[in-house]
Amino acid sequence: MIFSCSTKENPINYVYSEKIDLALNKLIINKKKWIESNITSYSMNIQFSCFCLAYDPYFVVIEENSLSSVSGNEEWGYEGRPMTINDLFDVIEDKIIEDPFFYEITYNTEYGYPEYSYFDMVEMIADEEIGYILTNFKRL
């Protein structure tokens, strides 16, 4: 069976599994909590980890839901990486729908944003893992 479910404007079709459905429901609940908190300006550290590299955290400032400044890891850049909480919710949703071999997501209990997420997409491939870690979140 193919289902359509998404927290984005355009629904994404996926093959139903209980694992995906539960993860998407949890994501929707937490994204709703995040949206209802009405936080549009904030700062935080965001760190990306993968099999090959562990980046130092980036320090980002978001103003009115737009990236205002980024510092850290200048040699690596940040293009193509989710640098806002809204972008990270979208990336996590896409990863869940891809039905990863293993994943772990921890949401902030007060505001609902993803504090930690890790995805191992394929059991027998060693270089496609990705993790996202948010720390030092502060409302502005």
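The values are calculated or read from the model by the stated rules, or taken from the named source; none is laboratory data. Everything numeric here is computed off the predicted structure, so don't read it as measured data. Cβ atoms come from the backbone with ideal geometry, glycine included; neighbour counts cover every protein chain shown.
Here is a check on your reading of the model: is LEU67 outside any loop (DSSP other than H, G, I, E, B) and either of a type in the set (Lys, Arg) or modelled with pLDDT under 95 (or both)? Steps first, please.
Numbers: outside any loop (DSSP other than H, G, I, E, B): yes; either of a type in the set (Lys, Arg) or modelled with pLDDT under 95 (or both): yes.
So LEU67 passes the test.
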Report summary line: Taking the range 12-53 and keeping only residues that are under 16 Å from the mean Cα position of the chain (by Cα), modelled with pLDDT under 95 and of a type in the set (Val, Ile, Thr), one is left with ILE20, ILE46
Report summary line: Selection from the range 70-97 of residues among the β-branched types (Val, Ile, Thr) and either closer than 15 Å to TRP34 by Cβ or in a helix (DSSP H, G or I) (or both) yields THR84, ILE85, VAL91, ILE92, ILE96, ILE97
Query raised in the report: How many residues does the range 72-84 contain that are surrounded by 10 or more Cβ atoms within 10 Å (Cβ to Cβ) and either among the hydrophobic types (A, V, I, L, M, F, W, C) or at pLDDT 70 or above (or both)?
Result: 7
**Report entry** Residue count for the range 98-140, restricted to those that are outside any strand (DSSP E or B), surrounded by fewer than 18 Cβ atoms within 10 Å (Cβ to Cβ) and at pLDDT below 95
**Finding:** 11
